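The values are calculated or read from the model by the stated rules, or taken from the named source; none is laboratory data. The shown structure was predicted, so the numbers you read here are calculated from the model rather than taken from an experiment. Glycine also receives a Cβ, built like all others from the backbone with ideal geometry; neighbour counts cover every protein chain displayed. In case anyone asks, the SASA skips ligands and DNA or RNA and just uses the protein heavy atoms, side chains included. Shrake-Rupley method; radii C 1.70, N 1.55, O 1.52, S 1.80 Å.
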Amino acid sequence: MKDIMSGNEAIARGAFESGVKFGAAYPGTPSTEILENFATYEGVYAEWSPNEKVALEVAIGAALAGERSIAVMKHVGVNVAADPLFTVSYTGTNGALIIVTADDPSMHSSQNEQDNRNYARFAKVPMLEPSDSQEAKEFVGLAVEISESFATPVFLRTTTRLSHSKSIVDIGDSAPDEDRTRIEFNAKRFVMTPINARIRRVEVEKRMDLLKDYAETCAVNRIEMNDPEVGIVAAGMTYSYAKEAFPNYSYLKLGLVHPLPERMIRDFASRVKKLYVVEELDPVIEMQVRAMGIEVSGKDVFPLMNEFDPGIVQAGITGAPATGLNAPAIELPQRPPNLCPGCPHRGLFYVLNKLKVFVTGDIGCYTLSYMEPLAGIHSCICMGASIGMAHGMSKALKQKGQGKVVGVIGDSTFVHSGITGLLNMAYNKSDAVIVICDNRTTAMTGMQEHPGTGRTLQGESTTQLDFEKLAVALGIGSVRVVNPNNMKEVRMVMKEELSRSGPSLVISRAPCVLLKTKKAEAKPALMVDQNKCTGCRACLGLGCPAISWRKCPADAGAAEKKREGVASIDPVLCAGCTLCAQLCGVKAIREKEN
């Protein structure tokens, strides 16, 4: 049986067919769909963990108990999970442990462009990199085999293009349902005190030596000899790009990208006249090939940044512009990302902008509020950083009398890595205001559940985190809840908290407009009374996609000529949040007549 699958769907299928029974992740583009699909298979356990560190730790626990497990995260998530990663490389596990890192060349939905092949070398963990959806499925099974054969965690690296593009996949049966769980009491292996860790450190190097030998004969590393004039070393999607650009060149196709097969690379290099390494982002393979004393071209002709395509590969090797391999250029109007019509974040950030305070931002839909006209966020570093940054700024600025700083963070992001920051504020007597943008879901990555929603990934009801009680327990003296769709209330509460000494928390609570529960409560669309509109443009300051500006025609009447134009609301887009009506001083905005 065959099906058309994205790389993410294929990885989930591969895990199911390979007998992986335990999956954990924190949602993050481009990795999210892996666990969402895995969770739908019968007989598996899957969870959204509060963050990637926890996801890896629970997967380690399951693998320690003998179960085949998978931890899934985007590339920056590995930074969060790095602490357990480096040590589980020493201990190994009893059952297979696969760690999926979904990298994002060109930063389609990420704050940086790190190359996580470096993590494989740094943590001394083998890494596989598929080049299409079929390999994505097959490589999960290979990862299970390597993990259990060498008692090691195994990285499976994807990129955005592989994660979301689709190709044909052969569908197989699930692995026989067998109980692999067992407990092994072995403190010298699993308790990493210095005396035990020193012993395990030696075992890691022994394992890497065995893996280097394995890389030489591993079926996913192969030489494809064609025209010996040019040889290309490539892995993952860059192999597919290069094959499309130059189908007749010779290739060393790498599926296991760490450790590299040195003897195979030397053999291949000796059989071609000119050698290239085609790889996105860092010259990870190129540097190792150069270290072998082999002459090779790589980043001297290919870009160091952004994802490739066949045209980029062709241009790098020929030195001439690509011909017929790139999509035709199409002139499209600029369309920057924007908060959805009816988004509960819009009113909050409109108010924050008017209050003229510095707002430390975080990772979420609300990050888009940094753009004009809202311009309500002034920094964004990583998940959870807004709270620590607001605290640090408040401590620094207090000596200069420059007033308070506001930190904003989403509900899911707060659970991910904001709780300890809030505790730090209380403990160290901060003087900042933190706002939790609580829209009752993990909206940016597609409405996933989290501990604040009261539902699990697999749809079960569970305990619901109470942000108010948690803040009080952490020692925050003032905790307020506001409706962000009531700007008067938001403005009043924020002014009160900004004038208060000590740390405080404001919870801006309204459900995401895209939630099913919210859709059931849809409000009537609004309209602009063209006769009352004065053309003041106040409503345009919300940056709502439903509101547009229409210039008055040249043949307009005397009354219209006094205005440059009027506002207009698209009833198809309008969610009826009423923010624009709240701003309209002449009451020209009202519910649309049926």
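Summary table
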quantity	calculated
Selected residue (criterion: nearest to the chain's Cα centre (by Cα)) from residues of the range 466-485 that are assigned to a loop (DSSP other than H, G, I, E, B) and surrounded by 18 or more Cβ atoms within 10 Å (Cβ to Cβ)	484
Selection count, the range 260-284, where residues are in contact with a helix residue (DSSP H, G or I) (Cβ under 8 Å, 6 or more places away or on another chain) and without any contact (Cβ under 8 Å) to a residue 60 or more places away in the chain	12
Pair list, Cβ under 6 Å, 6 or more apart: the range 93-106 residue touching a residue at least 24 places away in the same chain (Cβ under 8 Å) and among the hydrophobic types (A, V, I, L, M, F, W, C), other residue open to solvent by 10 Å² or more (accessible area, probe 1.4 Å) and part of a loop (DSSP other than H, G, I, E, B)	96/68
Members of the range 32-58 found to be open to solvent by less than 50 Å² (accessible area, probe 1.4 Å) and either touching a His at 6+ places or on another chain (Cβ under 7 Å) or on the phi > 0 side of the Ramachandran plot (or both), listed by number	48, 50, 51
Number of the exception - residue 291 against (1) loosely packed, with under 15 Cβ neighbours inside 10 Å; (2) modelled with pLDDT under 95	(2)
Cβ-Cβ under 8 Å pairs, at least 6 apart or on other chains, the range 422-435 side farther than 12 Å from residue 406 by Cβ and modelled with pLDDT of 95 or more, far side of a type in the set (S, T, N, Q) and open to solvent by less than 10 Å² (accessible area, probe 1.4 Å)	424/430
Enumeration of residues in the range 350-390 that are over 21 Å from residue 544 (Cα atoms) and in contact (Cβ under 8 Å) with a residue 60 or more places away in the chain	357, 380, 381, 382, 383
Given (1) in contact with a Pro (Cβ under 8 Å, 6 or more places away or on another chain); (2) in a loop (DSSP other than H, G, I, E, B), index of the condition residue 300 fails	(1)
Residue within the range 75-88 that is in a strand (DSSP E or B), crowded, with 24+ Cβ neighbours inside 10 Å and modelled with pLDDT of 95 or more present	no
Contacts under 7 angstrom Cβ, first residue in the range 163-177 being open to solvent by less than 80 Å² (accessible area, probe 1.4 Å), partner hydroxyl-bearing (Ser, Thr, Tyr), 6 or more apart	163/6; 163/31; 165/6; 167/133; 169/133; 175/18
Boolean, residue 21 is over 22 Å from residue 381 (Cβ atoms) and among the charged types (D, E, K, R)	yes
Single residue of 311, 316 found to be touching a residue at least 60 places away in the same chain (Cβ under 8 Å) and small (Gly, Ala, Ser)	311
The range 185-203 residues that are closer than 18 Å to residue 94 by Cα, paired with ones that are aliphatic (A, V, I, L, M) and loosely packed, with under 10 Cβ neighbours inside 10 Å (beta carbon under 8 Å, 6 or more apart)	196/187
Criterion: more than 30 Å from residue 183 (Cα to Cα) and either open to solvent by 40 Å² or more (accessible area, probe 1.4 Å) or modelled with pLDDT of 95 or more (or both) - qualifying residue of 129, 138	129
Condition met for residue 257 (among the aliphatic types (A, V, I, L, M), surrounded by 14 or more Cβ atoms within 10 Å (Cβ to Cβ), part of a strand (DSSP E or B) and touching a residue at least 40 places away in the same chain (Cβ under 8 Å))	yes
Those residues of the range 344-366 which are of a type in the set (A, V, I, L, M), open to solvent by 20 Å² or more (accessible area, probe 1.4 Å) and outside any loop (DSSP other than H, G, I, E, B), in sequence order	355
Positions within the range 206-221 being under 32 Å from the mean Cα position of the chain (by Cα) and either part of a helix (DSSP H, G or I) or surrounded by fewer than 16 Cβ atoms within 10 Å (Cβ to Cβ) (or both), in sequence order	207, 208, 211, 212, 215, 219
Checklist (1) over 19 Å from residue 509 (Cα atoms); (2) open to solvent by 10 Å² or more (accessible area, probe 1.4 Å) applied to residue 405, failing item	(2)
Condition met for residue 250 (over 34 Å from the mean Cα position of the chain (by Cα), among the small types (Gly, Ala, Ser), modelled with pLDDT of 95 or more and closer than 21 Å to residue 129 by Cα)	yes
Verdict on residue 415 being open to solvent by 10 Å² or more (accessible area, probe 1.4 Å) and either closer than 26 Å to residue 444 by Cα or within 16 Å of the chain's Cα centre (by Cα) (or both)	yes
Condition check for residue 29: within 12 Å of the chain's Cα centre (by Cα), of a type outside the set (Gly, Ala, Ser) and open to solvent by less than 10 Å² (accessible area, probe 1.4 Å)	no
Check on residue 502, in a loop (DSSP other than H, G, I, E, B), small (Gly, Ala, Ser) and free of Cβ contacts under 8 Å to residues at least 12 places away in the same chain	no
Residue that is farthest from residue 123 (Cα to Cα) [pool: residues in the range 191-205 that are open to solvent by 50 Å² or more (accessible area, probe 1.4 Å) and part of a helix (DSSP H, G or I)]	195
Index of the failed condition, residue 582 passing every other in (1) closer than 14 Å to residue 342 by Cα; (2) modelled with pLDDT of 85 or more; (3) of a type outside the set (A, V, I, L, M); (4) open to solvent by less than 70 Å² (accessible area, probe 1.4 Å)	(4)
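Let's see how each residue does on (1) within 20 Å of residue 255 (Cα to Cα); (2) open to solvent by less than 10 Å² (accessible area, probe 1.4 Å); (3) more than 24 Å from the chain's Cα centre (by Cα):
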residue	(1), (2), (3)
95	no, yes, yes
100	yes, yes, no
110	no, no, no
122	yes, no, no
142	yes, no, yes
151	yes, no, yes
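To keep it simple, each residue is scored yes or no on (1) in contact with a helix residue (DSSP H, G or I) (Cβ under 6 Å, 6 or more places away or on another chain); (2) crowded, with 24+ Cβ neighbours inside 10 Å.
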{"site": "380", "(1), (2)": "yes, no"}
{"site": "389", "(1), (2)": "no, no"}
{"site": "419", "(1), (2)": "no, no"}
{"site": "432", "(1), (2)": "yes, yes"}
